[in-house]
Structure formats: C-alpha cells, structure tokens
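A.B. asks: Before we start, here is the structure in question, set down as structure tokens.
The values are calculated or read from the model by the stated rules, or taken from the named source; none is laboratory data. All of these numbers come straight from a predicted model, not from anything done at the bench. Cβ: placed from backbone, ideal geometry, glycine included. Neighbour counts: every protein chain shown. The area values use the complete protein model at the heavy-atom level, side chains included, leaving out ligands, DNA and RNA. Shrake-Rupley method; radii C 1.70, N 1.55, O 1.52, S 1.80 Å.
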Amino acid sequence: MDHSDSSFTIVTYNVHRLIGNDRHTSALRIAQVIEEHQPDIVALQELPGGRYRPEVGGTAQDLARELAELESAQGLSFMERERNGNVTFSRFPMRLVRAGGLHPETRRRSIVPRGALWVEIEMYGRRLQVINTHLGLTPPERSSQVKVLCGPEWLGDPECHHPVILCGDFNTLPSSSLHKKLKDALYDEQERLKLGHSERTFPSHYPVVRFDHLFVSPDLAVESLHIPRTTLTKVASDHLPLVVKLRLS
C-alpha cells in the first residue's frame with residue numbers, strides 16, 4: 001500500500017455487537033468487511049467486551065484474531081478500546097489519550113451508557129487526533145453528550161490540536177437541529193470540523209437515513225468516500241460502513 005502522498009483510509013462502522021441481520025454472530029464477517037477496504041484506521045462502535053484491561057476474551061479480541069488471520073488486515077496491529085463499545089484499530093503507532101463516558105456527573109445516566117475513545121496516531125511525521133464515539137438514542141441524551149464531547153475533556157482540550165477526526169454513530173440526521181448544534185459547537189471551539197459525506201448508512205439492508213458521520217479539521221482533505229452496499233455488508237451488521245480516504249495537507 002503506497003502512502004507516499006500522505007493519504008490514508010479510515011473506516012467508521014457500527015458493528016452491532018457482531019450480530020448480523022440474520023441474527024448470527026460473526027467476527028469473521030466484520031473482519032472480511034474491514035479487509036475488503038484495506039484501511040489504515042478503523043473506528044468501531046457497539047463492540048462490547050472491552051470493560052477490563054487487559055481484556056481476557058470478549059468480542060474485541062475475537063475480532064482482532066480474525067483480522068490477524070486475513071492477509072491484508074494483518075497490519076491493523078494497534079488496538080485501543082473503552083468500556084462502552086468503542087474500539088479503534090490502526091496500522092500506525094497509536095497511543096490512548098482518553099477513554100470514558102459522555103455523561104456529566106450532574107445528569108442522570110442513560111439506560112445505555114455512551115462513551116468516546118480518543119487516540120493519537122503518529123503518521124507521516126504528524127500526530128493525528130481521532131475521537132471515536134457513539135451517541136444516545138434520545139435527543140436529550142445526545143444534547144447532553146455533545147456538550148460533554150465539545151467540552152474541556154475532549155474537543156475543547158488544548159491537546160486536541162489539528163489534525164483532528166471526529167467520527168462514529170451520532171444517531172442523528174444532518175438536517176437535525178442537533179447536528180447543526182454539533183457543528184456550531186465545534187466551530188465555537190475553533191475546531192473547524194466539517195461533514196465528510198452525504199450518503200445513507202442505516203439500516204444496512206435498505207438504508208434510508210444517515211446516522212454515521214465523519215468530521216475532519218481543515219488540514220485534512222477528503223479524497224474519496226464510499227459506503228459499500230454488498231451482499232456481505234447488508235447482512236454483517238445493521239449499519240453500513242463508511243470508508244473515507246483522507247490526505248494530510
């Protein structure tokens with residue numbers, strides 16, 4: 001894989017606990033979807049099993065083993081995860097910056113805890129900040145979680161410097177007021193992140209809405225975007241993966 005032009009491919013993908021639309025659980029199918037696109041970074045949501053470090057067993061390790069068996073995916077040797085189901089793989093050296101929930105202490109926790117995973121990836125002599133997240137199902141939850149995400153622990157942290165990628169399952173449409181608030185909040189934080197795609201990702205067998213988004217800072221150029229609709233992606237998860245090729249400028 002030629003990276004001489006400082007380009008790289010990232011996949012963001014809600015893998016639905018590895019449970020497909022046929023109700024079968026398969027780490028192999030998800031690994032095959034990932035391998036097909038030979039990504040350099042993979043940001044996954046809803047991959048449970050990373051509640052303890054070091055992890056013994058669990059779906060994250062199952063998927064890591066399947067990726068290790070597939071030739072073009074073997075380079076995804078760096079992995080970090082957080083307890084609410086967000087996992088990030090990378091071909092480039094990666095360190096964990098922060099993993100935690102998006103629930104302020106003063107607010108009642110949601111039925112399903114949501115979190116974010118922030119890693120720093122060293123590539124092409126640069127340090128790329130990648131935040132992988134999965135927001136809640138109700139507008140009040142998402143509104144609260146976005147406030148935390150844009151606060152001093154995450155995007156508002158001085159260490160969250162450009163280049164930055166924010167990606168994941170936001171459970172909201174680009175036309176929604178919450179999506180506009182998210183962009184406004186990011187602009188207020190001078191992160192200048194922008195939407196990187198315009199296609200539909202959910203539900204995978206007949207996608208009618210777009211919940212999965214990727215935002216980038218201005219020093220990252222979007223070269224291409226692909227949402228694969230194949231026999232495999234339509235059954236492997238209830239979301240389709242979002243595959244984006246970016247270039248550091």
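A.B. asks: Can you name every residue in region 228-238 that is of a type in the set (A, V, I, L, M), open to solvent by less than 10 Å² (accessible area, probe 1.4 Å) and assigned to a loop (DSSP other than H, G, I, E, B)? Spell out the reasoning first.
C.D. replies: The first filter runs over region 228-238 and keeps only residues of a type in the set (A, V, I, L, M), leaving 232, 235-236.
Keeping just the survivors that are open to solvent by less than 10 Å² (accessible area, probe 1.4 Å) gives 236.
Those that are of a type in the set (A, V, I, L, M), open to solvent by less than 10 Å² (accessible area, probe 1.4 Å) and assigned to a loop (DSSP other than H, G, I, E, B): none in region 228-238.
A.B. asks: Within region 148-173, take every residue that is farther than 30 Å from Tyr124 by Cβ and modelled with pLDDT under 90 and give me the one that is surrounded by the fewest Cβ atoms within 10 Å (Cβ to Cβ). Reasoning before the result, please.
C.D. replies: So in region 148-173, the residues farther than 30 Å from Tyr124 by Cβ come out as 148, 171-173.
Restricting the remaining residues to those that are modelled with pLDDT under 90 gives 148, 172-173.
Working: Val148: 20, Thr172: 23, Leu173: 14.
So the residue we want is Leu173.
A.B. asks: Can I ask one more? Whether any residue in region 130-152 is within 29 Å of Ser176 (Cβ to Cβ) and among the basic types (Lys, Arg) is what I want to check. Talk me through it step by step, then tell me what you get.
C.D. replies: Initial filter on region 130-152 (within 29 Å of Ser176 (Cβ to Cβ)): 130-152.
If we keep only those that are among the basic types (Lys, Arg) too, we end up with 142, 147.
So far as region 130-152 goes, yes, one or more of its residues are within 29 Å of Ser176 (Cβ to Cβ) and among the basic types (Lys, Arg).
A.B. asks: Suppose the filter is under 19 Å from the mean Cα position of the chain (by Cα) and either modelled with pLDDT under 90 or assigned to a helix (DSSP H, G or I) (or both); does Pro113 pass it? So that I can check it myself, show each step before the final result.
C.D. replies: Numbers: under 19 Å from the mean Cα position of the chain (by Cα): yes; either modelled with pLDDT under 90 or assigned to a helix (DSSP H, G or I) (or both): yes.
Spelling it out, Pro113 is indeed under 19 Å from the mean Cα position of the chain (by Cα) and either modelled with pLDDT under 90 or assigned to a helix (DSSP H, G or I) (or both).
A.B. asks: Among the residues of region 62-97 satisfying the criterion of being under 22 Å from Val112 (Cβ atoms) and not in a loop (DSSP other than H, G, I, E, B), which is modelled with the lowest pLDDT? First the steps, then the outcome.
C.D. replies: Taking region 62-97 and keeping what is under 22 Å from Val112 (Cβ atoms), we get 62-63, 80-88.
This time we only want the ones that are not in a loop (DSSP other than H, G, I, E, B), so: 62-63, 80-81, 87-88.
Numbers: Asp62: 86, Leu63: 91, Glu80: 93, Arg81: 91, Val87: 95, Thr88: 97.
Per the criteria, the residue is Asp62.
A.B. asks: So, in region 11-35, of the ones that are farther than 17 Å from Pro228 by Cα and part of a strand (DSSP E or B), which residue ends up most open to solvent (accessible area, probe 1.4 Å)?
C.D. replies: Going through the qualifying residues, I end up with Thr25.
A.B. asks: Counting just the residues of region 132-174 that are part of a loop (DSSP other than H, G, I, E, B) and β-branched (Val, Ile, Thr), which one comes out nearest to Arg83 (Cα to Cα)? It would help to see each step written out before you state the result.
C.D. replies: Residues of region 132-174 part of a loop (DSSP other than H, G, I, E, B): 135-138, 150-163, 170-174.
After this cut, where a residue has to be β-branched (Val, Ile, Thr) as well, the list is 138, 172.
Details: Thr138: 21, Thr172: 22 Å.
Looking at the filtered set, the residue picked out is Thr138.
A.B. asks: Filter region 198-210 down to the residues that are modelled with pLDDT of 90 or more and within 17 Å of Ile10 (Cα to Cα) and list them by number.
C.D. replies: Result: Thr201, single match.
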